[in-house]
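Step one of this worksheet: look at the structure below.
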Amino acid sequence: MNVPIRMLGVASTIFWVFLVAFVALAAYSVKDLSVDFGEPEFSVTPEGELNLALPLYVDNKGYYSLKEFHLSTVFSDSEGTELSRSNTFVPVIPHGENVTIMHNLTLDPVSLLERGEQYLFHDNDLNVSFTAGLNFAEVLPAEISANFTFPWGAPFYNFEVGEPSFELVDFTHATASVPVSFENHAVFDLAGSIRMELYDSEDSLLTESQTVLYVQQQSAYEGNMEFNIPLSLASMSSLSTAQSGHLDVYFDIGVAQYGPLVIPYG
């Protein structure tokens, strides 16, 4: 993200070179203007959106104030559909002052999931359009635009569900165990739950189970979903139909819900 700022400095210098009497003083001020980005901070808003807070440090040691300082970022998917837009505007940055500007970029996971489950299970690159501009000494407006990609890490990357294993405990109930594994490639820790419904080959709901998850970012998860299947004399013979069927999987990651993901087995 430092690239657009450096480009802004180059473009501004070109403007100043072509202004005769103003060039020397303006060029001297440019070298005393420092603009840089800090480390981004990720959080979840009360509305369930992912927020990327990007600190921008502007140290204006020059002779002139910066006016109408503005930043704009637009996230879009691979097809060019706009996902979110963020704008930051500072009316004036006085000369001789060091200012920290927070540019907040937001992404709505629900809108991403509505565009396809690939954002839940597959890593993607989002397109970002970045525009920065300012007015120097009320005489030299300058603006620069650039495009780059923002890596979106899937919270359930490489999600896999193994074959259920059944065990008859006694005449009243049986158990089933389903192995689950995935990797959290998201920029946030995954706190939520997975709920599964177990159906037999006749599409009858046998039982369901839910497990609570907490998986740190860039970490792998391996576990088992445990099911308890109540039995009666009438249903004992039908347990054989559970050797094949399907699982309906529901995901709740706090900021978004998704399901069912239908996974056949047997």
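I need the full set of residues from the range 85-113 which are within 15 Å of the chain's Cα centre (by Cα) and either more than 21 Å from Gly38 (Cβ to Cβ) or free of Cβ contacts under 8 Å to residues at least 12 places away in the same chain (or both), in order please.
Hits for the range 85-113 are Arg85, Asp108, Pro109, Val110, Ser111, Leu112, Leu113.
Go over the candidates Ser219, Ser204 one by one and state the one that is within 27 Å of Gly153 (Cβ to Cβ), among the polar types (S, T, N, Q) and assigned by TED's automatic domain parsing to the domain that holds Ser240. Before you say what the answer is, go through the steps one by one.
Numbers: Ser204 fails: within 27 Å of Gly153 (Cβ to Cβ).
From the options Ser219, Ser204, the qualifying one is Ser219.
Which number in (1) free of Cβ contacts under 8 Å to residues at least 60 places away in the same chain; (2) more than 30 Å from Pro260 (Cβ to Cβ) marks the one condition that Leu66 misses?
The single condition Leu66 does not satisfy is (1).
Given Asn127, Asn147, which one is crowded, with 18+ Cβ neighbours inside 10 Å and either outside the structural domain of Thr241 (by TED's automatic domain parsing) or part of a loop (DSSP other than H, G, I, E, B) (or both)?
Numbers: Asn147 fails: crowded, with 18+ Cβ neighbours inside 10 Å.
Just one listed residue meets the conditions, Asn127.
Which one is surrounded by the most Cβ atoms within 10 Å (Cβ to Cβ), of the residues in the range 175-192 that are of a type outside the set (Phe, Trp, Tyr), within 12 Å of Gln217 (Cα to Cα) and in contact with a strand residue (DSSP E or B) (Cβ under 6 Å, 6 or more places away or on another chain)? Give the steps one after another, and end with the answer.
Step one: list which residues in the range 175-192 are of a type outside the set (Phe, Trp, Tyr), which gives 175-181, 183-187, 189-192.
This time we only want the ones that are within 12 Å of Gln217 (Cα to Cα), so: 183-187, 189-191.
Within this subset, residues satisfying the condition of being in contact with a strand residue (DSSP E or B) (Cβ under 6 Å, 6 or more places away or on another chain) are 183-185, 187, 190-191.
Working: Glu183: 18, Asn184: 23, His185: 20, Val187: 17, Leu190: 20, Ala191: 15.
Going through the qualifying residues, I end up with Asn184.
So if I check each of Tyr221, Tyr258, Tyr214, which one is at pLDDT below 90 and assigned to a strand (DSSP E or B)?
On the way: Tyr221 fails: at pLDDT below 90; Tyr214 fails: at pLDDT below 90.
When all the criteria are applied, what remains is Tyr258.
For the range 25-84, which strands (runs of 3 or more DSSP E) that fit wholly inside it have 2 or more residues that are over 18 Å from the mean Cα position of the chain (by Cα), buried (at least 19 other Cβ atoms within 10 Å of the Cβ) and at pLDDT below 75?
On the way: elements: 33-37, 41-44, 50-60, 66-76.
The strands (runs of 3 or more DSSP E) meeting that bar are 33-37.
The values are calculated or read from the model by the stated rules, or taken from the named source; none is laboratory data. Given the structure is predicted, the values throughout are model-derived calculations rather than measurements. Using ideal geometry, Cβ is built from the backbone for each residue, glycine included, and neighbour counts are taken over all protein chains shown.
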